[in-house]
Amino acid sequence: MSASKKKLQRKAEVDVEKVSEAEAKQAAYKKKSRTYSIIAIVIVVLVAALLVWNSGIFQKGATAATIGGEKLSVSELSYYYYNNYYYRMYAQYGISIDPNAVIDEEKGTTYRDYFLELALTDAHEIETLYRDALANGFSDADVAEDVDAIIDSYKSAAASAGYSYKAYLKAAMGRYMTPSAFRTMATHNMVASKYYSDVATEKSDSITSADLDAYYAENTDEVDTYTYSYLYFKADTISATSEEGKNLSEDELKAKNEAAMADAKAKAEAALADYNNGTAIAALIEKTEPYTSGDHAKTTGKSSLSSAYSEELLKLNKDEAAIAEYENNGYYVVIFHEKARNEELPASVYNIFVEAKTTLDKDNKPVAPDAKAWADAEKQARDLLAEWEGGKKTEESFSALATKQGMSNGGLSTGITSDASDPEQDGRINWLFNEGERVKGDTTVARYENANYGYGYYVTYFLEWEEAVWMQNIRNTLTNEHLTEWKDGLKEASPAVLTNAARNID
């Protein structure tokens, strides 16, 4: 082979090597590029997943509890959680509560655990009632208007607070609450409530007169009303130190307590002697100025009597009196009047209340209406009565007028007894019980004045006399027993369990 051919062959071999090397590098580059691309895609997916996670989409849809196998999401359980949280924080405790604060050091239980258990209890009852309601012919459509009204009220509150509706729900019920979840839970709650009310009415109506009589025969002492009076003379509180600030010995404290009790006993004995000598109870109370007192107080059921004096009280005959020692605290003078079934028939009425305008004093406390304010309120009340009298003059038209005037439940008020209010403050009481027999359709305009509850005039329509108080008390007791048994059965058939996801609620 000539030198030139050998040279060309070597060049060709070199070129092939270069091509192979280039191809290898290119393949490696492409492979590397694909790897980087895959990694980049994974990173994008992870970032997207993190954003979705932070948005709460997964958490709020996660199962926070199961009730009879049915799932309740985090956002749905939040509805029950925050109802308990805010109720107890403001209404019960009156303070701000840190959900992470420990309330049981031994168990490590926090307020969050406590509120979650309360939420599960509420959810268990509402959700089982809701499902039973659907099984018995109820539907979401039955309460759609009521739910819309609830949502409208929340939207109005949101606007007043400067929030969007969605943001307001989150502020009120946690970051996982949504408008759709709120509508769902409000619907469940409303259906359950209406269904429960219907069942309660059915169970109450099913109780017969024979049932009432049988219960009374077996539980006379707990059904009867006890009428009695009492005057309590409290022993003076003893300081543990002397006037010079020196701690008193046990013997010194004992001697002072015995002296204080002896003084209280002497006052009680003097009051008892006055009563036995014919002093009226009201006059006796005014004369002796006891720590607390009651003139012809009433209570239903033996168990509702104070243990401080019940044993002595129940030994007495009609209008007899005795002294009962309240150990290390003082002495009661107790006077027994009567033990009997309360046969009074309560009244059902419709009311329209017209408020008499008040002013505020320098301490920002309301001042009773002046003569003009009373006259204006009375005129408005009588004008409303005249408006009703100029129409159909029916129960329905009066209730409609009451609703128009902003009275809840059409102005219906039930269970009014003669001792429901002070007759001097509430003219309706005299009208109902002291000024002739009332029949359906009777009306009145009655003055009402109470520094704690307001001033004005009631336009009142008499509806009916209800069954006797003792009967109502038994009916209510039996109805509640039936309802409790029924609800417990529903819950036992659908056990409720919290999941770990419930702790996402914050």
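Tabulated values for the structure
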| quantity | calculated |
| --- | --- |
| Aspartates and glutamates with Cα under 19 Å of LYS379, excluding same-chain neighbours fewer than 8 positions away | GLU355, ASP370, GLU387, GLU389, ASP426, GLU449 |
| Solvent exposure of the chain as accessible area per residue, Å², 1.4 Å probe | 59 |
| The chain, accessible surface, carbon-and-sulfur percent (1.4 angstrom probe) | 50 |
| Dipole moment magnitude, nearest 20 debye, the chain about Cα centre, only Lys, Arg, Asp, Glu C-beta charged | 5420 |
| Protection proxy ranking, peptides 486-493, 77-84, average beta carbon neighbours within 10 Å, highest first | 77-84, 486-493 |
| Of the DSSP H helices in the chain, those whose Cα atoms cover at least 18 Å axially and whose Kyte score averages 0.0 or more | 3-55, 144-161 |
| Cβ crowding within 10 Å averaged over residues, with 220-227, 384-391 ranked highest first | 220-227, 384-391 |
| Distance between modelled label sites at SER408 and ASP98, nm, 7 Å Cα→Cβ extension | 3.6 |
| When each of LYS265/LYS318; LYS155/LYS404; LYS246/LYS267 is checked by Cα-Cα distance, pairs over 26 Å | LYS246/LYS267 |
| Peptides ranked, highest mean first, by Cβ atoms within 10 Å: ranges 340-349, 354-363 | 340-349, 354-363 |
| Extended-chain gain in nm, criterion 0.36 nm per residue less alpha-carbon gap, ASN364 and ASN500 | 43.8 nm |
| Distance histogram for the stretch 367-473 (every C-alpha pair counted, 5 angstrom bins, percent rounded to whole numbers) | 2, 11, 19, 24, 21, 15, 6, 2, 1, 0 |
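The values are calculated or read from the model by the stated rules, or taken from the named source; none is laboratory data. All of these numbers come straight from a predicted model, not from anything done at the bench. Backbone-built Cβ (ideal geometry, glycine too); neighbour counts: all protein chains shown. The accessibility values were calculated without ligands, DNA or RNA, using every heavy atom of the protein model including side chains. Shrake-Rupley method; radii C 1.70, N 1.55, O 1.52, S 1.80 Å.
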